[in-house]
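A short worksheet on the structure shown next.
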Amino acid sequence: MMNTLLQDIRYACRMLAKSPGIAAVAILTLALGIGANTALFSVINATLLQPVPYPDAKRMVLVWQTYGGNSPDNINIVSAPNMWDIQKQNTVLEPIGMFDSAGRGYNLGASNDAERVHGERVTASFFDVLGIKPLLGRTFLPAEEAAGKDNEVVLTYGLWQRRYAGDPAIVGKQIQVDGSNHTVVGVMPKRFEFQFWSHECELFVPVGYTVGDHDRDGNSFVAISRLKLGVTLAKANTKLSAIGARLAKQYPKEDARMGALATPLLLFEMGDLGATLLALLVAVGFVLLIACVNVANLLLARGAGRQRELAVRSALGATRRRLVRQLITESLLLGLFGGGAGLLVAAVGLNLFMPFLPAGLHTLPFRQLGAISIDGRVFFFALLLSCITGVLFGLAPAVAARPGHLVDALKESAGRGLTSAGGNRLRHVLVAAEVALALIVLAGAGLMIDSMSRLLGVNPGFNAKKVLTFGVSTAQENAYYSPPVDAHFCEAMTRQIGSIPGVVSVSAVAHLPLRGGAGRGFIIEGRPAPPPGQMPGASYTVACPNFFRTMGIPIIEGREFTDADTMSSANVVVIDQTM
């Protein structure tokens, strides 16, 4: 059997070499179809199929506070006091770790050699929950969580290598972080990665609880834990729901209607992304089907000149099964060549289109899309796709090689075997299938273009033309509770950036439009105070003067902020028309 297979492969190579033009067109057509599918599957593999880089991740959960019902639709980030109580009272979770939900940038190094890197403030139990031990040194101690005792830092492997050239004596040394000395206590291993609603973190500092962090309604953390062995998610949520209800009764003002809920870490923010990527995979799958039909038509036309050859082989004793196997071997060989070329197309395509992927894909929680590669799973997918496509487009010539056609081929002149009604019908079916698939793809593309056109035509309420942005990191309590950084920040920023030629307006805001915001409750003057837990709330952000003018947002009534609106002046707020 092996000898026969090798004989078929050698014969298939000779036949393809006799028709290099047809072979090249077929391989190129398949390369485009298989390459597009493989590239998209690489993204799916990196986002949906690859496990997060933490051991036993199936037991990992995120713990949330809920308001108005214990469901994933009502989840909210947590306050430290509530998590401390949940940690004490629960029997279903291992130690709970917390990290700042927003993350932030840090100035690393002296002022003349400063570098801005992204980092997180985390609790001492954070690394234990992730299950990752440091490569060098240690992680944080519980005593280092207190404000004023939080001058330690843990570096990632990449930052250690890039900034400090992998210095093995880095542990115990002091480095400057945001202008103050921090002692390096540990370096994480190379495989360690962490990001959440932001870019990859390169350094970690102790949480250093601020005054606002001690408020029971000061929600600013994400809690992460693991289910204890043998505990199901449903059992854990039953226990957490009971604890949340107790806290709501114990603290009716701050925790009214509060609940607690755990959700699987592996599924966090994966639902909509998974549906989108699978829909795209179906779309490019149709493109591959069109490619298969094209190649099938090509091989069918080529097979017209081989009918006499197949008839002679049949007359010499070759069975139909033997002939079909030879034809399938040739098509499989073409499919494998197309798959190999498709892998190259996928690799080049990923490098070219990575910068154009949606920004949300690059900041998926706990996953790093920047590390997309063609690994064993992707290679196996491409191989399987090559074999399936090889069989699919190889069926047409195999079906055409019916005994009746072969007998007719011996009676007729060479090259006229497929002019029969049966051969024409098969080609007509393939052409009809190709047109139908193309119409499906074109209709889907047209609907998507129409949807995008409608979305782009929606007035967002601001004018982003010629507006440039860049990030400035501030302490969290400044960004959420007061003007950014200090009372002179807005004035100094406007003066310095405004002096750059070509700049006509300058401002700053804690959250860019359509990029989220903080949330707070409010009471309307002149109306009765709402009952506990029923206070209306709104998303808000903190802005410097001239923000609305810089963004081209019209003021319908009143004024926008000015330099006179300081910490010591009367409190002012700008609301939108809906509110």
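Here Arg527 clears all of (1) at pLDDT below 85; (2) open to solvent by 90 Å² or more (accessible area, probe 1.4 Å) except the condition numbered (1). Taking every residue in region 265-277 that is in contact (Cβ under 8 Å) with a residue 60 or more places away in the chain and pairing it with any residue that is loosely packed, with under 15 Cβ neighbours inside 10 Å and not aliphatic (A, V, I, L, M), at least 6 positions away or on another chain, the pairs with Cβ-Cβ distances below 8 Å are Leu266/Pro51; Leu266/Lys58; Leu273/Gly360. From the list Ala283, Ala291, Ala248, Ala242, the one residue that fits, being in a helix (DSSP H, G or I), touching a strand residue (DSSP E or B) at 6+ places or on another chain (Cβ under 7 Å), modelled with pLDDT of 80 or more and more than 28 Å from Phe196 (Cα to Cα), is Ala248. Here Gly517 clears all of (1) of a type outside the set (Lys, Arg); (2) more than 29 Å from the chain's Cα centre (by Cα); (3) open to solvent by less than 70 Å² (accessible area, probe 1.4 Å) except the condition numbered (2). The set of residues in region 502-523 that are in contact with a Pro (Cβ under 8 Å, 6 or more places away or on another chain) and in a loop (DSSP other than H, G, I, E, B) comprises Ser507, Ala508, Ala510, Pro513, Leu514, Phe522, Ile523.
Residue-level check: of (1) assigned to a strand (DSSP E or B); (2) open to solvent by 10 Å² or more (accessible area, probe 1.4 Å), Gly119 misses just (2).
The values are calculated or read from the model by the stated rules, or taken from the named source; none is laboratory data. Only a predicted model underlies this, so the values are computations on that prediction, with no experimental measurement involved. We place every Cβ from the backbone using ideal geometry, glycine too, and count neighbours over all the protein chains shown. To get the accessible areas, we keep the full protein, side chains included, count just its heavy atoms, and leave off ligands, DNA and RNA. Shrake-Rupley method; radii C 1.70, N 1.55, O 1.52, S 1.80 Å.
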